[in-house]
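Taking it in order: structure first as structure tokens, then the write-up.
Quick note: the coordinates plus some simple rules give every number you see, no bench work behind them. Quick caveat, the model's predicted, so the values are computed rather than measured. All Cβ positions, glycine included, derive from the backbone under ideal geometry; neighbour counts span all protein chains shown.
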Amino acid sequence: MSEPIVVGTDASGESDRAVDWAAAEAALRERPLRIVHALASRPTRAPLFSPAEKAERLARVGHAVVAEARERVRERWPGIETTTAVVADETSDALQQEAEGAFELVLGSRGRGGFASLLLGSTSLRMASRSTIPVVIVRGDATGRGEVVAGIDLRKDVGAVLGYAFDAAALHGARLRVVHAWQMSTTLIDAGYTIEDEDAGPELRERLAAACEPLRRRYPRVDAVGEVVLEHPVQALTRPSRAARLLVVGARERRWSAPRLGSTGHGVVHHAQCPVAVVPSRR
């Protein structure tokens, strides 16, 4: 069996959109789909049920949630091999357990536990920060139109991000825009330097082209363009996300065994207006 696409659901509208996105992705990639619901039990001041009754009630609700999601997938994508799991554990732990060895993990931007004032749910942010496989957070326009945008940092290993981005563009027959955004240090700005004075633009464009060249050869049909912009990376990536089908960014360097979400990734997953794929670097 090929690596599945795993999606988390809690029956919220956001997670329903995530299930639909994951199912469409599974159909295109001809991969199995696994729908996961976590039975995270939180204590209350005055429990209405005994622990056993509460566990049984939560289990019934959980199985109903995944059954409904599976039925919706079967109606729209009948050819997908779809399995479900109801896990009695905290949500992030359950998702990490079920996504081990998966192709990618798909989540809604916020579940039922989120507050309206929050831009991103804590579970989605936590999984984007700790997962060792790509995590797609479905937010904004998830209808599948527009180009694929990839944000890269040329000071770091960009192979995993570019590989995922080129593959996604090829899969969807979409144009790929690869963006490297940079800002001059405060010291240089205070000294009166400009981008022309520092003359970094041409060198960065050459490095960006060199980074993309192996992928261009591997995906000759992908129309890929590179951009080097003097702008804050979060702004440079969220702006094209308004018309993109997918925004791809990398996780920061690994600490111990797991990646961490850097400041750019953190800002992008909060403010992007399309689905965001957070791709950890290769081991």
For G250, residues with placed amide H under 5 Å, excluding near neighbours
V279
Label A64 and Q97 with points 7 Å out from Cα along Cα→Cβ: what is the distance between them in nm?
2.3
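May I ask you to list the trypsin sites (Lys or Arg not before Pro) in segment 119-177 that are in a DSSP loop and have at most 13 other Cβ atoms within 10 Å of their Cβ? List each step's numbers first, then the result.
On the way: sites: R126, R130, R139, R145, R155, K156, R175, R177; in loops: R139, R145, R155, K156, R175.
Here the sparse-neighbourhood loop sites are R145, R155, K156.
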